[in-house]
Amino acid sequence: MKVEIDLPEIEGYEYTGEFRKPSGGDYFLTEGGHYCRYVSAVCGLVGLRPILRKKRWRAEKDDPYWFIGSDLVCDYSKETGDAWDNLRFKSGNYFQDRQQAEAMAEKVRALFKEGV
């Protein structure tokens, strides 16, 4: 049986499709229609709730975004909605500006240097 629930729009958040008891770090919708983050055992008193997540930025069609290439060099592409754009977005290799991409590339380079 499938049940549909009319949930309010909350700016900056989207519903995961999950309806369960929140756990550490989850964002959820309260009975009063506000969003809250599960941060302690006090929240353990909460029953089943719609689970939220923060929306990630994604470029509009034909707008640029940055990514890290396999050579760990940052590059940019224009959003077309193709398989490459979707793969980069889903994997988290999708950045709003060069500075964000460079910062992440530096973290990845450091991991390789450490041998992790």
Matching residues in segment 78-107 - criterion: being among the charged types (D, E, K, R) and out of contact with any helix residue (DSSP H, G or I) (no Cβ under 7 Å at 6 or more places or on another chain)
K78, D82, D85, R88, K90, D97, R98, E102, E106, K107
Evaluate segment 61-73: report whether one residue or more is surrounded by 10 or more Cβ atoms within 10 Å (Cβ to Cβ), at pLDDT below 95, outside any loop (DSSP other than H, G, I, E, B) and not charged (D, E, K, R).
no
Quick check on my filter: what residues within segment 74-85 are surrounded by 14 or more Cβ atoms within 10 Å (Cβ to Cβ) and of a type outside the set (A, V, I, L, M, F, W, C)?
S77, E79, D85
Output for Cβ contacts, cut-off 8 Å, separation at least six or different chains, first residue over 15 Å from V108 (Cα atoms) in segment 66-85, second small (G, A, S) and surrounded by 15 or more Cβ atoms within 10 Å (Cβ to Cβ), reads W66/A101; K78/A59; E79/A59; W84/S77; D85/S77
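Kindly provide the set of residues from segment 57-71 that are in contact with a Phe, Trp or Tyr (Cβ under 7 Å, 6 or more places away or on another chain) and of a type in the set (A, V, I, L, M), ordered by number.
Selection gives A59 alone.
The values are calculated or read from the model by the stated rules, or taken from the named source; none is laboratory data. Being a predicted model, the structure only gives us computed values, none of them experimental. Positions of Cβ are generated from backbone atoms using ideal geometry, with glycine treated the same way; all protein chains shown enter the neighbour counts.
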